[in-house]
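**Student:** Before I ask anything, here is the structure I am working with.
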Amino acid sequence: MRLTPLDDYVVLEQVEAEKVSAGGILLPDSAQRRANEGVVIAVGRGRRLDSGRIVEPQLVPGQKVFFAPLGGTRFFHDEKDYVIIREDDIIAVRDE
């Protein structure tokens, strides 16, 4: 699949939520916390200002990020979860 997000949108592949607790107990779907971490797959060309100037995005494909839990639009494709979200709704980059 190839997606090209528009403007300041970013496509993330969502990191799967933990299915087993730290103690090794299998968690049912209702007890699993929704993961708000993802890997940047594609980035739009940037945010357009009122003056017409475009501000370049800060993100690049491959970065791991944390995003607002209720932000973005989620979809499922090829057995993977994806999120399309505005760059402003991404709250941190995970350095490794």
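**Student:** Which condition number does F76 fail, the rest of (1) surrounded by fewer than 12 Cβ atoms within 10 Å (Cβ to Cβ); (2) at pLDDT 90 or above; (3) assigned to a strand (DSSP E or B) being met?
**Tutor:** (2)
**Student:** A further question follows. Would you pick out the residues in region 50-79 that are among the hydrophobic types (A, V, I, L, M, F, W, C) and within 14 Å of E37 (Cα to Cα)?
**Tutor:** V65, F66, F67, A68, L70
**Student:** Turning to a different aspect of this structure: Filter region 5-54 down to residues that are within 26 Å of E96 (Cα to Cα) and modelled with pLDDT of 75 or more, then give me how many there are.
**Tutor:** So the count comes out to 20.
**Student:** Within region 44-96, restricting attention to residues that are touching a residue at least 12 places away in the same chain (Cβ under 8 Å) and acidic (D, E), which residue is nearest to D7 (Cα to Cα)?
**Tutor:** Ranking the qualifying residues of region 44-96, first place goes to E87.
**Student:** Could you list, in sequence order, all residues of region 59-90 that are over 17 Å from G46 (Cα atoms) and of a type in the set (V, I, T)?
**Tutor:** Hits for region 59-90 are V65, T73, V83.
The values are calculated or read from the model by the stated rules, or taken from the named source; none is laboratory data. Computed from a predicted structure; not experimentally measured. In this analysis, Cβ positions are derived from the backbone assuming ideal geometry, glycine residues included, and neighbour counts consider all displayed protein chains.
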